[in-house]
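Computed from the coordinates by the stated procedures, all read-outs in this text should not be read as laboratory data. In this text the structure is predicted, and so the values were computed from the model without any measurement. Cβ placement follows ideal geometry from the backbone for every residue including glycine, while neighbour counts extend to all protein chains displayed.
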Amino acid sequence: MNWILWFIPVVLSLLAVACWILTMVGMPGNWGLVLIGVGAAYFANDGHILNVEMIPLVSIVVLAALGEVIEFFAGAMGVNQLGGSKKGGALALLGSVVGALAGMFFGIPIPVVGSLVAAVLFGGLGAFGGAVAGERWDGKEWPLAIQIGWGALWGKLLGTLLKSVCGTVLLAILLVSLWS
């Protein structure tokens with residue numbers, strides 16, 4: 001029975017790190033961390049295998065929500081700051097998701113790290129392409145559309161970075177809660 005006391009936190013910790021990696025590539029991995037924390041708090045009775053308490057759990061939820069808000073506004077500001085349209089913003093968002101997925105699967109040929117770097121880079125490039133397409137569709141000239149596309153790219157990269165910072169703090173809180 002003692003192996004269970006060790007096995008469950010190890011499995012949850014590995015799942016938490018996998019969710020954190022998803023966050024690093026622009027996916028909603030922070031919410032996976034929230035689910036792990038909520039599940040551990042719900043299924044673990046007082047004094048048993050896991051002991052995730054309410055304050056860390058609330059902190060985890062708040063950080064996940066904050067990361068999403070920051071990522072959304074950073075990406076949107078990249079387009080809106082330069083006079084971009086709603087079409088440009090919407091296609092930048094769609095392009096960033098498609099680009100991140102493409103980068104994750106067809107990434108740079110460096111084991112493990114290559115896919116992560118490519119997902120972030122391609123997510124930014126997808127935001128760039130989507131914003132340019134949306135602005136051209138809205139009738140803007142090429143130079144302005146490209147300038148807005150650069151804003152979308154940098155906004156997406158900054159948003160992913162800041163969301164990843166929230167995810168790193170979130171992961172640390174969760175791991176400390178799982179192992180304490």
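Overview of values
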| read-out | value |
| --- | --- |
| Some residue of the stretch 120-143 being among the aliphatic types (A, V, I, L, M) and closer than 29 Å to Val38 by Cα | yes |
| Out of Gly83, Gly159, Gly129, sole residue that is touching a helix residue (DSSP H, G or I) at 6+ places or on another chain (Cβ under 6 Å) and farther than 30 Å from Glu53 by Cα | Gly129 |
| Those residues of the stretch 121-180 which are among the β-branched types (Val, Ile, Thr) and surrounded by 24 or more Cβ atoms within 10 Å (Cβ to Cβ), in sequence order | Val132, Ile148, Thr160 |
| Close pairs (8 angstrom Cβ cut-off, 6 or more residues apart or separate chains): closer than 11 Å to Met77 by Cβ in the stretch 148-162, in a helix (DSSP H, G or I) and of a type in the set (D, E, K, R) anywhere | Gly159/Glu71 |
